[in-house]
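Here is the structure we will look at.
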Amino acid sequence: MANNVTNRFHESLTRNALRSYLAEFMSTFFFVLVVVGSGMSARKLMPDATLNPTTLVVVAIANAFALSSVLYTAWDISGGHVNPAVTFAMAIGGHVSVPTALFYWVAQLIASVMACLVLKVIVVGMHVPTYTIAEEMTGFGASVLEGLLTFVLVYTIYAARDPRRGPLSATGTLAIGLMAGANVLAAGPFSGGSMNPACAFGSAAIGGSFRNQAVYWVGPLLGAAVAGLLYDNVVFPITATSDPIRVGSDGIAV
């Protein structure tokens, strides 16, 4: 048992593994930069951004375009997680090893913090926006909503990456991005429509407010795990021969 854990840890430090962590860092950095930056841009153009529906559309479009693009660039290297909830689901389902998943989380969280820090430094006089829940929502309700949104997003990711549907194309990443954008339109005014613990963590760390931060971790992690397990074991059961994305010798999902 101890040898197996040690081997898994060493497999997570190979050259290919390090490349995947760098890919996750870069893709998460650019995703958070665009998403949080779009919120700041909306506030610059519309001072009453919280009451203007145009802001919601701008952020939703930014989510859709950014996620589609970064997934397309990172898919063949790291699997294009860009989200700790996605990584959690992949680890639960056995697509990546636990040590690899932990390194993915570190890369994603650092990238998010750095992206928000860059925005804070270069956009002088503006606060980095943080995810908040509406007065009509309780913390539990917001967590459930974020969980449902993440469930739909991760289920779409699993469907798009399923090798039985054929090789991944730009259409697959676009479908994932469009789902993310639709989720923001549906829940942005209520829970923020984060679906991504890294994005919420980075903006909170630089924005200086960790209020209701658990909402953006508990709900998305549970929703992602249920989506992955449901897809792999109930809706489209996988076999060892039909799933080349299972953990390989490097512990990386490819």
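The values are calculated or read from the model by the stated rules, or taken from the named source; none is laboratory data. This is a predicted model, so every value here is computed, not measured. All Cβ positions, glycine included, derive from the backbone under ideal geometry; neighbour counts span all protein chains shown. These area figures cover heavy atoms from the full protein model, side chains too; ligands, DNA and RNA do not enter into them. Shrake-Rupley method; radii C 1.70, N 1.55, O 1.52, S 1.80 Å.
Quick check on residue 194: is it over 12 Å from the mean Cα position of the chain (by Cα), within 23 Å of residue 61 (Cα to Cα) and among the hydroxyl-bearing types (Ser, Thr, Tyr)? Here the answer is no, as residue 194 does not meet what is asked. With respect to the conditions (1) surrounded by fewer than 20 Cβ atoms within 10 Å (Cβ to Cβ); (2) more than 24 Å from residue 37 (Cβ to Cβ), residue 113 falls short on a single one, namely (2). Given the conditions (1) at pLDDT 95 or above; (2) open to solvent by less than 60 Å² (accessible area, probe 1.4 Å); (3) within 14 Å of the chain's Cα centre (by Cα), and given that residue 118 satisfies all but one, which numbered condition is not satisfied? Of the numbered conditions (1) at pLDDT 95 or above; (2) open to solvent by less than 60 Å² (accessible area, probe 1.4 Å); (3) within 14 Å of the chain's Cα centre (by Cα), the odd one out for residue 118 is (3). For region 131-151, residues that are touching a helix residue (DSSP H, G or I) at 6+ places or on another chain (Cβ under 8 Å), assigned to a loop (DSSP other than H, G, I, E, B) and more than 21 Å from residue 86 (Cα to Cα) total 4. For region 208-240, taking the residues that are surrounded by fewer than 19 Cβ atoms within 10 Å (Cβ to Cβ) and more than 26 Å from residue 95 (Cα to Cα), the one that is nearest to the chain's Cα centre (by Cα) is identified as 213.
Go over the candidates 204, 187, 200 one by one and state the one that is assigned to a helix (DSSP H, G or I) and either out of contact with any Ser or Thr (no Cβ under 6 Å at 6 or more places or on another chain) or open to solvent by 10 Å² or more (accessible area, probe 1.4 Å) (or both).
187
For the structure I just gave you, tell me whether residue 96 is of a type in the set (Val, Ile, Thr) and not in a helix (DSSP H, G or I). Yes: the conditions hold for residue 96. Checking each residue of region 220-238 against the condition of being polar (S, T, N, Q) and closer than 16 Å to residue 62 by Cα gives no match.
Test residue 70 against the criterion of being over 25 Å from residue 106 (Cβ atoms), touching a Ser or Thr at 6+ places or on another chain (Cβ under 9 Å) and crowded, with 22+ Cβ neighbours inside 10 Å, and give yes or no.
Working: over 25 Å from residue 106 (Cβ atoms): no; touching a Ser or Thr at 6+ places or on another chain (Cβ under 9 Å): yes; crowded, with 22+ Cβ neighbours inside 10 Å: yes.
Answer is no for this residue.
Restricting attention to region 47-65, the residues that are open to solvent by 40 Å² or more (accessible area, probe 1.4 Å) and modelled with pLDDT of 70 or more add up to 8.
Evaluate the following for residue 104: is it touching a helix residue (DSSP H, G or I) at 6+ places or on another chain (Cβ under 6 Å) and either open to solvent by 60 Å² or more (accessible area, probe 1.4 Å) or within 14 Å of residue 220 (Cβ to Cβ) (or both)? Break it down into steps so the answer makes sense when it comes.
Values: touching a helix residue (DSSP H, G or I) at 6+ places or on another chain (Cβ under 6 Å): yes; either open to solvent by 60 Å² or more (accessible area, probe 1.4 Å) or within 14 Å of residue 220 (Cβ to Cβ) (or both): no.
Considered against the rule, which asks whether it is touching a helix residue (DSSP H, G or I) at 6+ places or on another chain (Cβ under 6 Å) and either open to solvent by 60 Å² or more (accessible area, probe 1.4 Å) or within 14 Å of residue 220 (Cβ to Cβ) (or both), residue 104 comes out as no.
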